[in-house]
Amino acid sequence: MTSDPKPQPAPTPAPAVEAPKGPVSVKGNCTQTETPEYPAKALEDEIQGDVFVVFAVGGDGKVTGITDVRFDGSIPPRYRSSFKSAISNALQSYACRANMQLTQPFHFKLDSGA
C-alpha cells in the first residue's frame, strides 16, 4: 500500500515591486528637464517666489499632468496662473521614469543685476 505524499504548500510568490507611495523627487528620476520661462508680467512687476508642483508621469515617461501646485506667500494670486502655465509648458519636455508621481520645486528669482 502506497500513501500519497503529503501536499506541499505553494511557494511564496516574490513580492511585487511597488511604486513609491506619494510623490518622489525629480532628481534621479528624470533624464531630461527644462527650466520654465519667467512669466513676462511677473518679471516686469518684479514678482518672485517658489512654486511647488506634483505631477504624474505616464507609461511612456512623459508628463501627463500637474496634480498639485502650491505657491509660497510671495506670489500674489493674480500671477499664479502665469507661473503654473510656464511650468506646465516646461514639463512637456521632461523625460522621466514611467508611471510615477514626482514633485519638484521651481524657484523664480530676479537677477540682482550684479
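The values are calculated or read from the model by the stated rules, or taken from the named source; none is laboratory data. Bear in mind the structure is a predicted one, so any value in this text is a computation, not a measurement. Using ideal geometry, Cβ is built from the backbone for each residue, glycine included, and neighbour counts are taken over all protein chains shown. Surface areas here come from the heavy atoms of the whole protein model, side chains and all, with no ligands, DNA or RNA. Shrake-Rupley method; radii C 1.70, N 1.55, O 1.52, S 1.80 Å.
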Filter result for the condition that a residue is within 23 Å of residue 111 (Cβ to Cβ), of a type in the set (A, V, I, L, M, F, W, C) and modelled with pLDDT of 95 or more, over 55, 71: 71
Residue within region 19-27 that is polar (S, T, N, Q), modelled with pLDDT of 65 or more and either under 19 Å from residue 101 (Cα atoms) or under 24 Å from the mean Cα position of the chain (by Cα) (or both) present: yes
Candidate set from region 49-79 (those that are of a type in the set (S, T, N, Q) and surrounded by 13 or more Cβ atoms within 10 Å (Cβ to Cβ)); member that is nearest to residue 103 (Cα to Cα): 67
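Do we find a residue being open to solvent by less than 70 Å² (accessible area, probe 1.4 Å) and farther than 16 Å from residue 107 by Cα anywhere in region 38-48?
The initial filter retains those residues of region 38-48 that are open to solvent by less than 70 Å² (accessible area, probe 1.4 Å), namely 38-39, 42, 45, 47.
Filter once more, keeping what is farther than 16 Å from residue 107 by Cα: 45.
Yes: region 38-48 contains one or more residues that are open to solvent by less than 70 Å² (accessible area, probe 1.4 Å) and farther than 16 Å from residue 107 by Cα.
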Options 82, 93, 88: the member that is open to solvent by 20 Å² or more (accessible area, probe 1.4 Å) and more than 22 Å from residue 27 (Cα to Cα): 82
